[in-house]
Amino acid sequence: MSVHVSNHPLIQHKLSILRNVNTEPKKFRQLTRELAALLTYEATADMDTVPVEVQTPLAVAHCRELQEKIGLVPILRAGLGMVEGIWELMPSSEVWHIGVYRDEKTLKPVQYYNKLPVEPRVQVCLILDPMLATGGSAVATTDILKNWGVKKIKFVGIIGAPEGIALMQQHHPDVPIYLAAIDERLNEKGYIVPGLGDAGDRQFGTG
Ligand code: PRP
Ligand code: URA
């Protein structure tokens, strides 16, 4: 499995503001959208395209267009904040929500929302969640998408912990991971350190 950590200066600059305890929810949401778009730009660099001929006002241009149908799969709640930024880049992507929360005591993922239709409607899925902590939520969501029949899956997050990356590596070595940073560790409550705190609470003002 490949893990891509972007060193792009724009991404690193925005991440430093996102982490700051004094950054308020409005700014936090804006940065989450922007980081999601920038990371997705990198995550989609190897997508398949097909040749097309386009009539310009002057002549025919030989161009390329995306071939595959893309599904954005935000993990509720925190992944929701990543959708709008990516939609700006890929407005025709479908969005399929998956509800998973971590049980506070066991830290195990609990699924509570999934309205996927029986047949898969997209060829590529981008799983969106800012935080890859123990990795339980990402593994559970990847399981769901594979059972749905999706062959190409990528995980787009913002901060990952070594533990979460290792769990994904163990269960889904074929799923590449795109992040802005890999942090040191998880604390005893399963929070990423130094991290940014609770990504859902910081976006929705519920902390
Ligand atoms: C957070 C985060 C991830 C999950 C990561 O969600 O948004 O979904 O934890 O942790 P894991 O890698 O250990 O599974 P949370 O459970 O806090 O739910 P919320 O987004 O609804 O607040
Ligand atoms: N979920 C979060 O929102 N933050 C963490 O640090 C870990 C899980």
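The values are calculated or read from the model by the stated rules, or taken from the named source; none is laboratory data. Note that the structure is predicted; figures quoted are calculated from it, not measured. Quick reminder, even Gly has a Cβ in these numbers, built from the backbone with ideal geometry, and neighbours come from all protein chains shown. Surface accessibility is based on the protein's heavy atoms, side chains included, excluding ligands, DNA and RNA. Shrake-Rupley method; radii C 1.70, N 1.55, O 1.52, S 1.80 Å.
Observations
- In the stretch 156-207, residue farthest from ligand 2 (Cβ to nearest atom) [restricted to those that are among the hydrophobic types (A, V, I, L, M, F, W, C) and within 22 Å of Lys26 (Cβ to Cβ)]: Ala180
- Residues that are open to solvent by 60 Å² or more (accessible area, probe 1.4 Å) and closer than 27 Å to Thr142 by Cα do not occur anywhere in the stretch 56-63.
- Residue, nearest to Leu128 (Cα to Cα), within the stretch 188-200, restricted to residues that are within 12 Å of ligand 1 (Cβ to nearest atom) and open to solvent by 20 Å² or more (accessible area, probe 1.4 Å): Asp198
- Of all residues in the stretch 35-55 being surrounded by fewer than 18 Cβ atoms within 10 Å (Cβ to Cβ) and of a type outside the set (A, V, I, L, M, F, W, C), the one that is farthest from the chain's Cα centre (by Cα): Gln55
- Single residue of the stretch 163-187 satisfying the filter (of a type outside the set (A, V, I, L, M, F, W, C) and over 25 Å from Ala45 (Cβ atoms)) that is surrounded by the most Cβ atoms within 10 Å (Cβ to Cβ): Glu163
- Residues of the stretch 122-144 that are more than 6 Å from ligand 1 (Cβ to nearest atom), free of Cβ contacts under 8 Å to residues at least 60 places away in the same chain and touching an Asp or Glu at 6+ places or on another chain (Cβ under 9 Å): Val122, Gln123.
- Matching residues, the stretch 59-78, being within 16 Å of ligand 2 (Cβ to nearest atom) and of a type in the set (D, E, K, R): Arg77
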